[in-house]
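First comes the structure, then the notes that go with it.
The values are calculated or read from the model by the stated rules, or taken from the named source; none is laboratory data. Predicted, not measured: the structure shown is a model, and the values here were computed from it. Methodologically, a virtual Cβ is constructed for each residue, glycine included, from the backbone with ideal geometry; neighbour enumeration extends over all protein chains shown. All accessible areas refer to the heavy atoms of the entire protein, side chains included, with ligands and DNA or RNA removed. Shrake-Rupley method; radii C 1.70, N 1.55, O 1.52, S 1.80 Å.
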Amino acid sequence: MNTFTKDHTPAHIVKMFPKASDLFKEHQIDFCCNGDRPLKEAFAQNNLDGDAILKELNTNYQGWQANDSTVDWGTFSISELVDHIVHTHHAYLLEELPVLGEFVTKVFRRHGADQPHLIELHRLYNHFKVEMEEHTLKEENELFPLLKEYELNPNEKLLQQIYETIHKLEKEHDVVGEDLKEMRAITDGYQPPVNACGTYQITYARLAELEDDTFQHVHLENNILFKRI
């Protein structure tokens, strides 16, 4: 698996791994205007512990590269699937949604007057954000405890509760799926305009990553976890 070194530039790293922008912001490493200089120069200029930052960067990157599609989910129990969804996809949303929301708002405020589609992007994103925050809470507080209980004590009454809950949640999956479809359409497949600023490019890259994670998340629930029941 590829790793980043001190000779890579922040601009290149953020292009490959959009969430690296959070780490760079934390350490005040410029990845926009002066993003084409090697990391080692930024480490020296800011008197940073480059080895520690690179270790954190590459650990995060390797975790990000892990792809659900390479896993044989048929070997997982219901409880293991539930725990994976919570600790992987729900945890990702909990961390990413507020941060990405700030990026979407910043781009909208800066460029919305000249690019009206950003108004609709801002609206769609915030609708998606609220829906997913409420949706994951319902799963964790309502459905997932029922699934774990059913795994230990299967019975018809519990199964009926699960069916009813799944039916409602699948409808919510359809709603956020439409939000993603519309966001992709109005952004031309998350392709930023020519000469777009760094923030604009990062925003679109992270939206594309959010879409990819959500597709994996919903696939794992609709086509694997729910089918088990």
Exercise. Please state the equivalent ellipsoid semi-axes for region 179-218: what are the square roots of 5 times the Cα gyration tensor eigenvalues, largest first, in whole Å?
Worked result: 20, 11, 6
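When only C-alpha pairs under 8 Å and at least 6 residues apart count, what is the relative contact order of the chain, in percent? Show your work: numbers first, answer last.
Numbers: 161 pairs, mean separation 55.1, N = 229.
Contact order relative to length: 24 percent.
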Exercise. Three principal axis extents, largest first, for the C-alpha atoms of region 21-63, in Å?
Worked result: 28, 19, 16
For this session: Heavy atoms only, probe 1.4 angstrom, no DNA, RNA or ligands counted: give me Val99, Val130 ranked by accessible area, highest first.
Result: Val130, Val99
Seminar exercise, completed: Measure of exposure for Met16: accessible area at 1.4 Å probe, Å² rounded to 10, is 90 Å²
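For region 105-229, would you read off the P(r) tail past 16 Å as a percentage of all alpha carbon pairs?
66 percent
D for the chain, whole µm²/s, Stokes-Einstein with Kirkwood Rh over alpha-carbon pairs at 37 °C and 0.692 mPa s: what number?
Details: Rh = 19.5 Å.
Estimated diffusion coefficient is 168 µm²/s.
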Exercise. So how strong a dipole does the chain carry about its Cα centre when Lys and Arg Cβ are +1 and Asp and Glu Cβ are -1, to the nearest 20 debye?
Worked result: 620 debye
For this session: Quickly rank 166-177, 133-144 as a protection proxy: mean count of other C-beta atoms within 10 Å, highest first.
Result: 133-144, 166-177
For this session: Specify which residue in the list Ile119, Leu220, Thr59 is farthest towards the positive end of the charge dipole of the chain, using unit charges on the beta carbon of Lys, Arg (+1) and Asp, Glu (-1), about the Cα centre.
Result: Ile119
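Evaluate E = 1/(1 + (r/R0)^6) for His8 and Gln191, where r is the Cβ-Cβ distance and R0 equals 30 Å; express this FRET efficiency to the nearest 0.05.
Working: r = 24 Å, r/R0 = 0.80.
For R0 = 30 Å, the calculated efficiency reads 0.80.
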Exercise. Taking 0.36 nm per intervening residue step and subtracting the Cα-Cα distance, what contour gain separates Gln115 from Asn222 on full extension?
Worked result: 34.9 nm
For this session: Mind scanning Lys129/Lys181; Lys25/Lys106; Lys19/Lys171; Lys15/Lys138; Lys19/Lys227 and naming the pairs with a C-alpha gap bigger than 23 Å?
Result: Lys19/Lys171; Lys15/Lys138; Lys19/Lys227
For this session: Order the following by accessible area, largest value first: Arg206, Arg184, Arg109. Probe radius 1.4 Å; ligands, DNA and RNA are ignored.
Result: Arg109, Arg184, Arg206
Seminar exercise, completed: What the Cα atoms of region 55-147 span along the principal axes, largest first and in whole Å, is 52, 37, 20
For this session: Take the Cα pairs of region 158-202, get the Kirkwood Rh, then feed it into Stokes-Einstein at 20 °C and 1.002 mPa s and tell me D in µm²/s.
Result: 163 µm²/s
Problem set entry | For region 129-148 and region 59-123, distance of Cα centres in Å | 16 Å
For this session: Provide, for q = 0.19 Å⁻¹, the log10 of I(q)/I(0) from a solvent-free Debye sum over equal Cα point scatterers in region 97-169.
Result: -0.76
Seminar exercise, completed: The Cα radius of gyration of region 1-128, divided by 2.2 N^0.38 Å with N its residue count, comes to 1.29
